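*Asks:* Questions regarding the structure given below will be posed in turn.
The values are calculated or read from the model by the stated rules, or taken from the named source; none is laboratory data. For clarity, every value in this text was computed on a predicted model and none was experimentally measured. Neighbour counts are summed over all protein chains in view; Cβ atoms, including those assigned to glycine, are modelled from backbone coordinates with ideal geometry. Note: areas computed on protein heavy atoms with side chains; ligands, DNA, RNA excluded. Shrake-Rupley method; radii C 1.70, N 1.55, O 1.52, S 1.80 Å.
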Amino acid sequence: RKFHPTCTTNYNNTFQFEAKVVSTPTTKKKGLMNRKNKLKDNQGMLFVFDEPQTISLWMKNTYIPLDAIYFNEDGKILELNENLKPKSTKSVVSKKSLKYVLEVNGNTIKNKNIKIGDYIKITKIQHLK
């Protein structure tokens, strides 16, 4: 009889980002408003909520296109929103209740081929460059 090992390989990718964490109502409301220059490729802003909830984002006074990566406590990506339009006042609402969303430059999801089921690993930083 031939030996058939059980497949235990994890085919999901893990993506690393540096992020400024915002968790107070004031810092979450401001987000990346009024920023004129794109973020560094591996940087973003991490929004942390106290409890899982549907997360509503808007781009009012935000001048750069952004992607939103929603994930759980384990870093598993559960939802993606690509190319949020600069200066839009239309709310973009997550379909699931979540605690974490990472905003990164527009086209990051496409360029890095990030998929639902992949993982995010965050290194916290004090300032975005």
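*Asks:* Using only helices, what value at 222 nm comes out for the chain when you add -39,500 (n - 2.57) per DSSP H run of length 4 or more and divide by the total residues, to the nearest 500 deg cm²/dmol?
*Replies:* Values: 2 runs with 11 residues, N = 129.
Calculated mean residue ellipticity at 222 nm is -2000 deg cm²/dmol.
*Asks:* If you roll a 1.4 Å probe over the chain with all protein chains in place, what percent of the accessible area is carbon or sulfur?
*Replies:* 48
*Asks:* Taking the solvent-accessible surface of protein heavy atoms with a 1.4 Å probe, what is the per residue accessible area of the chain in Å²?
*Replies:* On the way: 8310 Å² over 129 residues.
Value for the chain: 64 Å² per residue.
*Asks:* Under a plain spin-label model, where a point goes 7 Å from the Cα along Cα-to-Cβ, how far apart in nm are GLN53 and SER88?
*Replies:* 2.2
*Asks:* Quick one: which residues, 5+ away or cross-chain, put their amide H under 5 Å from the amide H of ASN13? H built at 1.01 Å from N.
*Replies:* Long-range HN contacts for ASN13: TYR119.
*Asks:* Highest first, please rank the peptides 37-46, 80-89 by the mean number of other Cβ atoms sitting within 10 Å of their residues. Don't skip to the end; give the middle numbers.
*Replies:* On the way: 37-46: 17.6, 80-89: 14.6.
Highest to lowest by the protection proxy: 37-46, 80-89.
*Asks:* Per residue of segment 120-129, in order, report the coupling 6.51 cos²θ - 1.76 cosθ + 1.60 (Karplus, θ = phi - 60°) as ³J(HN,Hα) in whole Hz, putting x for Gly and Pro.
*Replies:* Couplings: 10, 10, 10, 10, 6, 10, 7, 9, 8, 9 Hz.
*Asks:* Further question: Suppose a student asked you for the relative contact order of the chain, using Cα pairs under 8 Å spaced at least 6 residues apart; what percent would you report? Intermediate results must be reported in sequence, preceding the final value.
*Replies:* Numbers: 273 pairs, mean separation 44.3, N = 129.
Reported relative contact order: 34 percent.
*Asks:* Separation between the THR27 and LEU128 pseudo-spin-labels, each 7 Å from Cα along Cα→Cβ, expressed in nm?
*Replies:* It works out to 1.3 nm between the two label points.
*Asks:* Across bins of 10 angstrom width beginning at 0, how are the C-alpha pair distances of the chain distributed, in whole percent?
*Replies:* 12, 45, 30, 6, 4, 2, 0
*Asks:* From the backbone phi of segment 70-77, what are the Karplus-calculated ³J(HN,Hα) couplings (6.51 cos²θ - 1.76 cosθ + 1.60, θ = phi - 60°) in whole Hz, Gly and Pro given as x?
*Replies:* Result, rounded to whole Hz: 9, 8, 9, 4, 7, x, 6, 6.
*Asks:* Further question on the same structure: With +1 on the Cβ of every Lys and Arg and -1 on the Cβ of every Asp and Glu, and nothing else charged, how large is the dipole of the chain about its Cα centre, in debye rounded to the nearest 20?
*Replies:* On the way: 24 positive and 11 negative charges, 76 e Å.
So the magnitude is around 360 debye.
*Asks:* Over segment 41-95, what per residue volume does the convex hull of the Cα atoms give, in whole Å³? Please list the in-between numbers first.
*Replies:* Numbers: hull volume 5.2 nm³, N = 55.
Value for segment 41-95: 95 Å³ per residue.
*Asks:* Select from segment 63-129 those chymotrypsin sites (Phe, Trp or Tyr not before Pro) which occupy a DSSP coil region and have at most 10 other Cβ atoms within 10 Å, ordered by residue number. Mind showing how you got there, number by number?
*Replies:* Values: sites: TYR63, TYR70, PHE71, TYR100, TYR119; in loops: TYR63.
Qualifying residues, ordered by number: none.
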